[in-house]
């Protein structure tokens, strides 16, 4: 049961960081912001999987450091490293971009 809750949290997290900071915006601006956030999320996932994942892979010792120490598992360890790095980067940076977008919109509508 706990594993199911963890899996649901992992799947719901991107939606929460995508929509959470944008709640309360005017309807038209909200949908425009969601579209921008989806594009940014894809971009940050790519950056996380390629750049950050690669840096993390080298810093952690490559195959042996990430559980790919026996024959045939190095590729799987590399793929898992890229997926996890991309997912984490996409969630964190999408949340940051959403918060920044929200602050900019509030400042513009006040003045």
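The values are calculated or read from the model by the stated rules, or taken from the named source; none is laboratory data. From a predicted model like this one, the values you see are computed outputs, not experimental measurements. Neighbour counts run over all protein chains shown; Cβ positions are idealised from the backbone, glycine included.
Here are some notes:
- When we screen 3, 57 for residues that are surrounded by 11 or more Cβ atoms within 10 Å (Cβ to Cβ) and on the phi < 0 side of the Ramachandran plot, the only hit is 57.
- Residue in region 83-96 that is more than 11 Å from the chain's Cα centre (by Cα) and touching a residue at least 12 places away in the same chain (Cβ under 8 Å) present: no
- Restricted to region 1-88, the set of helices (runs of 4 or more DSSP H) holding at least 3 residues that are within 22 Å of residue 105 (Cα to Cα) comprises 2-19, 27-47.
- Qualifying residue in region 90-100 (condition: surrounded by 15 or more Cβ atoms within 10 Å (Cβ to Cβ), at pLDDT below 90 and out of contact with any helix residue (DSSP H, G or I) (no Cβ under 7 Å at 6 or more places or on another chain)): no
- Within region 6-32, the residues that satisfy the criterion of being over 17 Å from the mean Cα position of the chain (by Cα) and surrounded by 11 or more Cβ atoms within 10 Å (Cβ to Cβ) are 25, 26, 29, 30, 31, 32.
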